[in-house]
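Take a look at the structure set out below.
The values are calculated or read from the model by the stated rules, or taken from the named source; none is laboratory data. Treat the numbers as computed from the prediction; the structure is a model and nothing was measured. For neighbour counting, all protein chains shown are included, and Cβ atoms are generated from backbone atoms with ideal geometry for every residue, glycine included. Protein only, heavy atoms only, side chains kept; ligands, DNA and RNA dropped before computing areas. Shrake-Rupley method; radii C 1.70, N 1.55, O 1.52, S 1.80 Å.
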Amino acid sequence: MTWGNRLAIGLLLAGTAGATFADPVFAKAAGDEAAVRFGTRENVLDISLSPSGEKIAFISAGPEHGEILSIIDLSTDATVRRILANSEIIADLDSCEWADDERLVCSASGMADVGDLLIPFDRLFAVEAASGKVTEISRRQRGGESIGFSQQGGSVLALDVGGEQGKILMASEAVPEMTTGTRLANDDEGLGVELVDIRSGARRNREKPDPGATRFVADDAGRVRIKVRARFDGAGRLTGNYEYLYRPTEGGVWKALENLTIDGQRVPYFSPAAVDAARDVTYGFTKNNGYDAIAEFPLDGTGKGRLVLARSDVDVDSLIRIGRQRRVVGASYATEKRQIAYFDPALARLARDLAAALPNRPLINLVGASADENRLLLIAASDTQPGMVYLFDRRESRLEPLLAVRDLLAEQPMGSMRPVTYPARDGTQIPAYLTLPPGSDGKNLPAIVMPHGGPSARDEWGFDWLVQYFTARGFAVLQPNYRGSSGYGADWYGRNGFKAWDVAIGDVNDAGRWLVSEGIARPNQLAIVGWSYGGYAALQSQVLDPALFKAVVGIAPVTDLAYLAEDNRGYTNYRLVRDFIGQGPHVAAGSPRRHADKFAAPVALFHGTRDLNVDVRHARAMEKALKDAGKPVIYHEYEDLQHGLGDSKARTDMLATIGRFLDDALGSGG
């Protein structure tokens, strides 16, 4: 059966050029206008500028689920022309970028049912901008009776490949051919690299498939320079260790990227992410005094590198790349606000000037560039501005607004987010963000503590649709970066938020106590809301202190640590998840499902049925445990939706339900 591959085009992409759709009409059904405005997904989910700088392609959210691909031709009348639509609920149209001025390369991903497992998959295809014609470019399985299932449809490594017009370099997975359940002999499998003609779908091998390969990196000249291979245990499960290989500029065999030093000191860890062809160096991530940092190493076998950017307070967590060659121009990190350190002085000056010219000094994110980089596409956003897309012409020093990221929120008053710290029970100062309702004096308010997911993540300053929905309804919202969060170095991360759940959840509960002690929150109108690990934290907060929060909301929450490990038994990452959670008495003590009898506050649960991150059985079992214990609980389940509930109707329903739940649980003033 070959249905997995057919999802790439046939089922996933329904619609034709020029298709039109009605606007979402959820207001009456939801009974909550704010839920509609904040629950409706973005008008701009992804955006790309053509090589000439004359055309823009962007993906917007469709009605309910699904996405729409549209084109704007700036050289003509600049009208928006819709050319493609996805209406398949189990898959998403994720991104589209211009391969040349006539064609786009797009990526879609989804979640398939294969036996008893949810299996994520992705597919690549080319789209003609003029006609909307689609050409599949993911590698097809061989054999009409093949029953193998290809998860990886490929990823684009380079758009410009040595002057090869209309061709891209992509990493592709070869799946062993199967007939009647038996693997055919001498069949290549694994991740390789191919040169693909996006007009015809024809392909030529550039790198032989390697069953251990997980990632390739091409330099900005379109040559494959880095290969990353995963190491597995005897049961075929990932160990978390990787082998890094490089190829010299002149080509030849792969060589180990090893014995790396900086200032004469051995570097125990380096993960390459990009290659600068002119300088023949690779940029990547390393550790420096317990913090993630950016380093570079020459690809000449000497192993002698240097730190490019390191901090002593936060992790440097991303590279900034620009243009069709995806050249590295800087790196980014978040202190109280997101910062970008540009390696390119001209771009650094430009970013400063643009931020100063726009209202409220927003964060500037470069999201596209013409081939000559004279036209730049950027998004300016802040805590109170969901985002505006601008086109900047460097020759003419002209900045033009193009598209609002969220149309429905254009006139919506927003609450300002400000960084704060509060003391944990042991005196440790916990960084957090406090957002107050617009116009509020910040006193005697209904309030929400909203721990982030992860736990290997952190909150940072910027627009948050959940936070702003609650402030629109009069709540103060505090987002704690509890111990166990990432971004603040190894010591802050500690043993992670599961193994050391008592530390993390203790910090979360202390956030609520601080809101009360500062007079910000009314003690009888204090709630907690969280998604994923944040949902786990919201539920587990009741186990530590049932009297603190008067209402609990868990969205796609972990409810049993043993479940979380067992849910991954059928996957190659089972060993990693099991080791991350650990074994011992903390598993039972840290599983809210097993302590439903302790709950004093009413609970609202929400979950999608195709959630690979946290299986839907977590919410179902939590609901049952609470009901069996005679505790008040409501549960909304969303068919076929994944962890992020990427559906405007579902999000609107969820927000409206949470709004009513908090009103009922907290009384007037919510």
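The figures follow:
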| read-out | value |
| --- | --- |
| Within the range 212-304, strands (runs of 3 or more DSSP E) holding 2 or more residues that are in contact with a Pro (Cβ under 6 Å, 6 or more places away or on another chain) and over 28 Å from Thr572 (Cα atoms) | 281-288 |
| Members of the range 282-316 that are within 20 Å of Asp219 (Cβ to Cβ), free of Cβ contacts under 8 Å to residues at least 24 places away in the same chain and either basic (Lys, Arg) or surrounded by fewer than 17 Cβ atoms within 10 Å (Cβ to Cβ) (or both) | Pro298, Thr302 |
| Given (1) in contact with an Asp or Glu (Cβ under 6 Å, 6 or more places away or on another chain); (2) exposed (fewer than 14 other Cβ atoms within 10 Å of the Cβ); (3) within 15 Å of Leu478 (Cα to Cα), number of the condition Pro419 does not satisfy | (2) |
| Any hit, the range 552-559, residues being open to solvent by 10 Å² or more (accessible area, probe 1.4 Å), polar (S, T, N, Q) and under 30 Å from Val36 (Cβ atoms) | no |
| Unique match (being of a type in the set (Ser, Thr, Tyr), closer than 23 Å to Leu403 by Cβ, surrounded by 22 or more Cβ atoms within 10 Å (Cβ to Cβ) and touching a residue at least 12 places away in the same chain (Cβ under 8 Å)) among Ser50, Ser75, Ser95 | Ser50 |
| Those residues of the range 485-512 which are surrounded by fewer than 21 Cβ atoms within 10 Å (Cβ to Cβ) and charged (D, E, K, R), in sequence order | Asp491, Arg495, Asp502 |
| Test for Asp664: is it surrounded by fewer than 16 Cβ atoms within 10 Å (Cβ to Cβ) and under 19 Å from Phe470 (Cα atoms) | yes |
| Residue that is farthest from Lys55 (Cα to Cα) [pool: residues in the range 361-405 that are part of a loop (DSSP other than H, G, I, E, B), of a type outside the set (S, T, N, Q) and open to solvent by less than 40 Å² (accessible area, probe 1.4 Å)] | Asp383 |
| Among (1) surrounded by fewer than 19 Cβ atoms within 10 Å (Cβ to Cβ); (2) of a type in the set (S, T, N, Q); (3) within 24 Å of Val275 (Cα to Cα), the one test that Thr335 misses | (3) |
| Residues located in the range 512-542, provided they are part of a loop (DSSP other than H, G, I, E, B) and either among the acidic types (Asp, Glu) or closer than 13 Å to Gly497 by Cβ (or both) | Glu518, Ser532 |
| In the range 601-631, the residues that are touching a residue at least 24 places away in the same chain (Cβ under 8 Å), out of contact with any strand residue (DSSP E or B) (no Cβ under 8 Å at 6 or more places or on another chain) and either closer than 19 Å to Ala547 by Cβ or surrounded by fewer than 20 Cβ atoms within 10 Å (Cβ to Cβ) (or both) | Asn613, Arg617, Ala621, Asp628, Ala629 |
| Qualifying residue in the range 427-441 (condition: in a loop (DSSP other than H, G, I, E, B), at pLDDT below 95, surrounded by fewer than 21 Cβ atoms within 10 Å (Cβ to Cβ) and at positive phi) | yes |
| Set Gly554, Gly570: member being of a type in the set (Gly, Ala, Ser), closer than 20 Å to Asp116 by Cβ and not in a helix (DSSP H, G or I) | Gly570 |
